[in-house]
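Down below is the structure, laid out as structure tokens.
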Amino acid sequence: MREYWTTLASMMGIWAFSQSLLSAVFPPELRYAILKFMHRIFSWFSAYCYYDITEIDGVNTNELYNAVQLYLSSSASITGNRLSLTRGLNSSNITFGLSNNDSLIDSFNGVKVLWEHIVTPRNSQTFSWRPLPEEKRGFLLRARKKDKAIVLTSYLDFVMERANEIRRKNQDRLLYTNSRGGSLDSRGHPWESVPFKHPSTFATLAMDPEKKSEIMDDLLDFANGESFYQRTGRAWKRGYLLYGPPGTGKSSMIAAMANFLGYDIYDLELTEVHTNSELRKLLMKTSSKSIIVIEDIDCSINLTNRKNNTTSSGVNNSNNYNVSSPPGCGEENGGNTITLSGLLNFTDGLWSCCGSERLFVFTTNHIEKLDPALLRSGRMDMHIHMSYSSFAALQILLKNYLGYDEHDVEEKILVQLEKVIEKAEMTPADISEVLIKNRRNKDKAVLELLEALKIRAERNTNNSNAVKSRVEDEEQEKRALVESPKEGGDQLLEAKCDKEEKGGHDANDDEKVL
């Protein structure tokens, strides 16, 4: 045992002597040059290349570092046992990432890369206007040299896009409204926002499943169509018009669209905007990936059909449309001077291109009142008719409010519901009110709904028969006038002419002629 320690001491002495000799013969500069040369030789023969992504770029935060951290949090290939959990501001989800000095392997289009999270203590604090963290954090990306072009272009762009999607989904969506008169707040923004918490989704929307599927496919094509819009030279925007009777779920459709795509909503109140220039400023202050909504446009702005807006002399005065509250829709607001041209440029003009990936959604109860220029493709690309409840929509409402599936309701009751639902012409709002009122007693709710549908269907049938009978009576009167004796008609006509020649005019004679 003594010989072992003696040999070890001798070897340590030889090592210390050799180190002193090397320090004396090879100065630090020469040793650094040799190590650098060896590193270059190693890199020359190595099949990998390495990229450092530090947290701090000078004195600013490296945006790429944050993007990589978010991207790796969504990777399912994390193999480490320790994860870093975070929850950002205005975020409803918890994200996880690589812990200190942990690593994972990721793949992209057949290319495999290695990510390693490196954390080292900071040696000394340098002068800075803001304090730096005590630790230096960064990601080390290792990839094969043959995949260098893909990694530096396509892969890193994919990481940034994926991180932006995760960041947007983790944050709470916002509902914006414009301040009165387009005035700016203390931060210089014309929009005021609140968290958007509407629970409506396409799964809960009372609508025909085929129509819902068509709308969802169109929304996905729009959200994933950046390359298509660039290739065709079109602005990355799309317009939707929701029209139909009140209570058919137009506002719920907008909320479902926002929750489906993860977009913010800008609820534009036209009566609060005074001029076309203020309208353009509001448009410029909207963000991408958003839905710009103008609800009840037939009430908020007086844009009647220009074909019916002519004077008695035949002159069309359609160019002087001003924003005002039409009769029965609200108070007059005569200080607004938004023109039809300003609104059209807002939706489909040059100013509408100041941004990307935005949806314009208009709602109205009376589509016939809107000007055709506002309804054409490019401004309103997709017209969605929100009609009365169908049997498929009724089944969705029964599931939402009562938890009933198709087999939970008696077959004979289902048959009766299917028979009267089309004739009843009840909106989803009316049906929902009946179900909510009796939701504690599900069977009673279904029976009362069936009774309400029957009463509404019978009333509509009676009204239809009355209208049909009145039309038939009018047609019979017309036929009677046409089939009246010719002699009698000639006598009446001659009597009328005689009266006109004599200058006389008797009310009783007019009645006879009529």
Identify all residues within the stretch 199-247 that are in a loop (DSSP other than H, G, I, E, B) and among the acidic types (Asp, Glu); write none if there are none.
-> ASP208
For the stretch 1-108, please list each of the strands (runs of 3 or more DSSP E) lying entirely inside it that holds at least 3 residues being at pLDDT 80 or above and surrounded by 14 or more Cβ atoms within 10 Å (Cβ to Cβ).
-> 48-54, 103-108
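Restricting to the stretch 361-384, count the residues that are closer than 16 Å to TYR229 by Cα and crowded, with 16+ Cβ neighbours inside 10 Å.
To start, the set of residues in the stretch 361-384 that are closer than 16 Å to TYR229 by Cα comprises 377-379, 381.
This time we only want the ones that are crowded, with 16+ Cβ neighbours inside 10 Å, so: 379, 381.
Counting residues in the stretch 361-384 that are closer than 16 Å to TYR229 by Cα and crowded, with 16+ Cβ neighbours inside 10 Å gives 2.
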Regarding LEU283, is this residue over 30 Å from LEU402 (Cβ atoms), touching a Phe, Trp or Tyr at 6+ places or on another chain (Cβ under 7 Å) and aliphatic (A, V, I, L, M)?
-> yes
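Specify which of the listed residues (GLU226, GLU272) is surrounded by 16 or more Cβ atoms within 10 Å (Cβ to Cβ), over 15 Å from VAL361 (Cα atoms), touching a residue at least 40 places away in the same chain (Cβ under 8 Å) and not small (Gly, Ala, Ser).
Only one candidate qualifies: GLU272.
Before we move on, is ILE338 at pLDDT below 80 and open to solvent by less than 10 Å² (accessible area, probe 1.4 Å)?
The answer is yes for ILE338.
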So, of the residues in the stretch 394-423 that are polar (S, T, N, Q) and touching a helix residue (DSSP H, G or I) at 6+ places or on another chain (Cβ under 7 Å), which turns out to be farthest from ASN460 (Cα to Cα)?
-> GLN395
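Looking for something over 26 Å from the mean Cα position of the chain (by Cα), surrounded by fewer than 16 Cβ atoms within 10 Å (Cβ to Cβ), of a type in the set (D, E, K, R) and farther than 24 Å from SER200 by Cβ - is there at least one such residue anywhere in the stretch 404-411?
At the first step, the residues of the stretch 404-411 found to be over 26 Å from the mean Cα position of the chain (by Cα) are 404-411.
Subsequent filtering for residues that are surrounded by fewer than 16 Cβ atoms within 10 Å (Cβ to Cβ) retains 405-408, 410-411.
Adding the requirement that they be of a type in the set (D, E, K, R) leaves 405-406, 408, 410-411.
Checking which are farther than 24 Å from SER200 by Cβ leaves us with 410-411.
There is at least one residue in the stretch 404-411 that is over 26 Å from the mean Cα position of the chain (by Cα), surrounded by fewer than 16 Cβ atoms within 10 Å (Cβ to Cβ), of a type in the set (D, E, K, R) and farther than 24 Å from SER200 by Cβ.
The values are calculated or read from the model by the stated rules, or taken from the named source; none is laboratory data. These numbers were taken from a predicted model, which means no experiment stands behind them. No Cβ is skipped: glycine too gets one built from the backbone with ideal geometry, and neighbour counts run over all protein chains shown. Keep in mind that these areas ignore ligands, DNA and RNA; they rest on the heavy atoms of the full protein, side chains included. Shrake-Rupley method; radii C 1.70, N 1.55, O 1.52, S 1.80 Å.
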